[in-house]
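**Student:** What follows is a single structure, and I will ask about it in a moment.
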Amino acid sequence: MKKKAVRKDALKAEPRDEPRGRAEGRAEGRAEGAIKGKAEALLGLVHDGLLTMKEAAKRAGMTEEAFCKLAMH
């Protein structure tokens, strides 16, 4: 089977694409951080006995299984 030739310059991002890529990466990171922060706060309420795991998962907008999995990491 013959391999496709890949131009070396095809693997490089255009300079004008870099700022947009960085901005998208930062936005993605902030969103992930917000989700983890909210989950940590809710998990704290679970540990304090103020919420059940089921209630915390509901407030996080997750299934109980997904919330438990996130809590374990």
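The values are calculated or read from the model by the stated rules, or taken from the named source; none is laboratory data. Please read these numbers as outputs of a predicted model, since none were measured by experiment. When we count neighbours, we look across all protein chains shown, and the Cβ atoms used for this are built from the backbone with ideal geometry, even at glycine. To get the accessible areas, we keep the full protein, side chains included, count just its heavy atoms, and leave off ligands, DNA and RNA. Shrake-Rupley method; radii C 1.70, N 1.55, O 1.52, S 1.80 Å.
**Student:** Tell me, please, whether a residue that is open to solvent by 100 Å² or more (accessible area, probe 1.4 Å) and at pLDDT 90 or above can be found in region 66-73. Spell out how you get there, then give the answer.
**Tutor:** Within region 66-73, the subset open to solvent by 100 Å² or more (accessible area, probe 1.4 Å) is 69, 72-73.
Then keep just the ones that are at pLDDT 90 or above; that gives none.
No; the residues of region 66-73 include none that is open to solvent by 100 Å² or more (accessible area, probe 1.4 Å) and at pLDDT 90 or above.
**Student:** Restricting the search to region 28-37, which residues are over 14 Å from GLY61 (Cα atoms) and open to solvent by less than 50 Å² (accessible area, probe 1.4 Å)?
**Tutor:** GLY29, GLY33
**Student:** Quick check on region 38-49: of everything there that is assigned to a helix (DSSP H, G or I) and either more than 14 Å from MET62 (Cα to Cα) or in contact with a Gly (Cβ under 7 Å, 6 or more places away or on another chain) (or both), which residue is most open to solvent (accessible area, probe 1.4 Å)? Walk me through how you get there before you give the answer.
**Tutor:** Keep residues of region 38-49 that are assigned to a helix (DSSP H, G or I), which gives 38-47.
If we keep only those that are either more than 14 Å from MET62 (Cα to Cα) or in contact with a Gly (Cβ under 7 Å, 6 or more places away or on another chain) (or both) as well, we get 41, 44-47.
Numbers: ALA41: 63, GLY44: 28, LEU45: 59, VAL46: 30, HIS47: 146 Å².
Result: HIS47.
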